[in-house]
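Structure, as structure tokens:
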Amino acid sequence: MLLTEMKLKENGTAAVPAGRRIVRENRKEKWKKRLLGSADKRGWIGSTVVYLLLIVISFIFVYPVLYMISRSLMSRNDLLDSSAMWIPSSLTLHNYESAILTMDFWNSLLKNVYLAAVSTLAQVIICSAVGYGFARYNFPGKKIWMGVLILAFLLPGQTTALPNYLVFQNLKMIDGTIKPFLITALLGQGFKSTLCILIFYNFHKQTPQSLIEAAEIDGAGHIKAYFQIAIPLATAAIVVVTLFSFVWYWNETYLVRNYLGYGSTRATGLTTLMLELNAFEDSYANAYSTWASSVTSTDRINDAVRMAGTVLAIAPLMIFYFVLQRQFVESVDRAGITGE
Amino acid sequence: MSKKVKNIHDKKHLTRRTLREWGWGYVFIAPWIVGVCIFFLYAMIQSLQFAFHRVELSGGVILHPLENGIFENFVKVFTTDVNFPTTLANFGIGLVLQLPVIIAFSLIIALLLNSKIRCRGLFRLIFFLPVIIATGPVMNQMTAQGVASVPMVSQNAMLGMLEGLPQFIYEPINNLFSSLILILWNSGIQILIFLAGLQKVPRAMYEAATIDGASGWETFWKITLPSVKSLILLNSIYTVVTLATGGSNEIIELIYSATYTATQGYSYAMAMSWIYTAVVAVILVIVFLLLKEKSDRKVVYEQKRVDMKGV
């Protein structure tokens, strides 16, 4: 209705009697319109401003990453040479070689993927079920439990981290294995599990109850209704929670350090690339002292090696992100995080 | 519809069907209830006990009552620790300064992305990238390299003007400028949430406004902003929570190191984390009270949403 009204109005103004002056003015108008834009279309000036802003801000956003990559490819001489601010005079992969050795990259990568993938799987399965339980059923005490859920989401985890560590220590499970991660994830207490449950809760709430009730009337049990109706309808939420859980598990350092134990090293147990990056300086010093006889003193740690380590630590996730970018970005609004 | 059916059941008596519903509800959330009792509720109680006792570690954990009043640990945090009070104050002020920057920035980016532009996908890709890679160790490396700030000359000039301010205000503002990129890096999710919200505002509303002669400026204040107001609250809370739990947070590092320091120990660390929790909770409450929608407005908004769904 609004559209037709608008068209009427437009026609009304266009139908003003014409004259020679109006032709000239029309031409002027046309250029003015092109430059400044009209109500429904942006002009050239407006577009330029928007694109310029976007490009400048995009550059600011990727600047640190570009800087890291460019630094990591520099040789020692380039680092000291202020004229080679951005483009290395000669590309060297030497920094990457030392960083790979320092972090024990391939080994750590494998362990990291294993840890993140298994925990994510457990987290998705449990959070979906819990979210469904909250969304689909009414039961006494539901409000209280929801309150606890939201409290757990809002409060920073530092108060509970230590007691949780002690629980696992008493169970003798802080031994550099996946056990603490798996147990917390299976009990809906993994990294950001609460947020995952809330996402699933929001999503399952959107599935029409009548659909599930119809299925139940047709003889499907509660479990069957969940797996055959709710789950297929919640694909978008499953995608978003899986992707983000993986990223969260990958990026977490504080709790990972707690659960793997203070003394855990990559020789005896699991590790993550972020932990390796955290300990980069020390690892490098250790590695350096063992190589010392075979390398020259120019191999002492420098910014380029550190940056190579950082790039290596974020590279797997970057690739993961670029491959699945559509799922990442679009799933966020499809999963109804926007408070629908 | 389903609600009506349930109400009828409630009125009669507890039928076997409702009882079964309750049971199944608990079956689905059972794992979480077990988890939350052990790892959240019990953990909270235990950490409170730690904070109000002296913890001795010999095989197991032994709690001793405190000699100098029950708040001894808390007092110690503020009187003997050099770092913690200043770090906490910096964190609080920093958070209050960063929050509007992040919210305004992500709203502007979302508005830009929502207008008719080419390569929207590419820009979205770039703005979302930090969500994936911004982690504690990476941020620390970047700060160490000095790439966290926007390289600009005016920064020094601006800070020069602020030099006269007292230290505790100057410090957070200085931090804000010197790690501006990192702060903006925290706005990936917020941009997407705003963008999704903006896309749901019906075009007809804008069309109607332009016909009535509203300028772009007026449209923004009268239509766009009210439509995303609930999202501003959501985003603010999300921002506070992520900043407070994020890995590049100095306080978390302090708590972690205190836990394993012989002179400080568990009870001291727990007192610290409870103070920290209280500060975060207060900030959350303030944010919520400032940004929550007034009830009458909310009714209008809900009505609007219903209308939108009807369209």
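The values are calculated or read from the model by the stated rules, or taken from the named source; none is laboratory data. On a predicted model such as this, the values are computed, not experimentally measured, just so you know. Cβ placement follows ideal geometry from the backbone for every residue including glycine, while neighbour counts extend to all protein chains displayed. Just the protein is used for accessible areas: all its heavy atoms, side chains included, with ligands, DNA and RNA removed. Shrake-Rupley method; radii C 1.70, N 1.55, O 1.52, S 1.80 Å.
Which translational diffusion coefficient, to the nearest whole µm²/s, is obtained for the stretch A:103-334 from the Stokes-Einstein equation, given a Kirkwood hydrodynamic radius over C-alpha pairs, 37 °C and 0.692 mPa s?
Working: Rh = 20.0 Å.
The diffusion coefficient I find is 164 µm²/s.
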Computed accessible area, A:Lys30, all protein chains, 1.4 angstrom probe, square angstrom: 120 Å²
Cα convex hull of the stretch A:62-203 - mean projected area over all directions, nm²: 12.9 nm²
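In Å², rounded to the nearest 100, what is the total accessible surface buried by chains A and B against each other with a 1.4 Å probe?
About 9200 Å² of accessible surface is lost on pairing.
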Selection of chymotrypsin sites (Phe, Trp or Tyr not before Pro), the stretch B:49-149, meeting DSSP coil and at most 16 other Cβ within 10 Å: B:Phe71
Rounded to whole Hz, the Karplus (6.51, -1.76, 1.60) HN-Hα couplings of the stretch A:224-236, x for glycine and proline: 5, 4, 5, 6, 9, 10, 5, 5, x, 7, 9, 4, 4
Charge dipole (debye, nearest 20) of the stretch A:102-237; +1 at Cβ of Lys and Arg, -1 at Cβ of Asp and Glu: 220 debye
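Please compare each pair in A:Lys192/B:Lys229; A:Lys111/A:Lys192; A:Lys143/A:Lys179; A:Lys205/B:Lys200; A:Lys143/A:Lys224; A:Lys142/A:Lys172 to a cut-off of 30 Å on the Cα-Cα distance and tell me which ones are over it. Please report the intermediate quantities before stating the final value.
On the way: A:Lys192/B:Lys229 25 Å; A:Lys111/A:Lys192 21 Å; A:Lys143/A:Lys179 32 Å; A:Lys205/B:Lys200 19 Å; A:Lys143/A:Lys224 26 Å; A:Lys142/A:Lys172 34 Å.
Cα-Cα > 30 Å for A:Lys143/A:Lys179; A:Lys142/A:Lys172; rest within.
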FRET E, pair A:Glu97, A:Asn26, Förster distance 60 Å, beta-carbon r, rounded to 0.05: 0.30
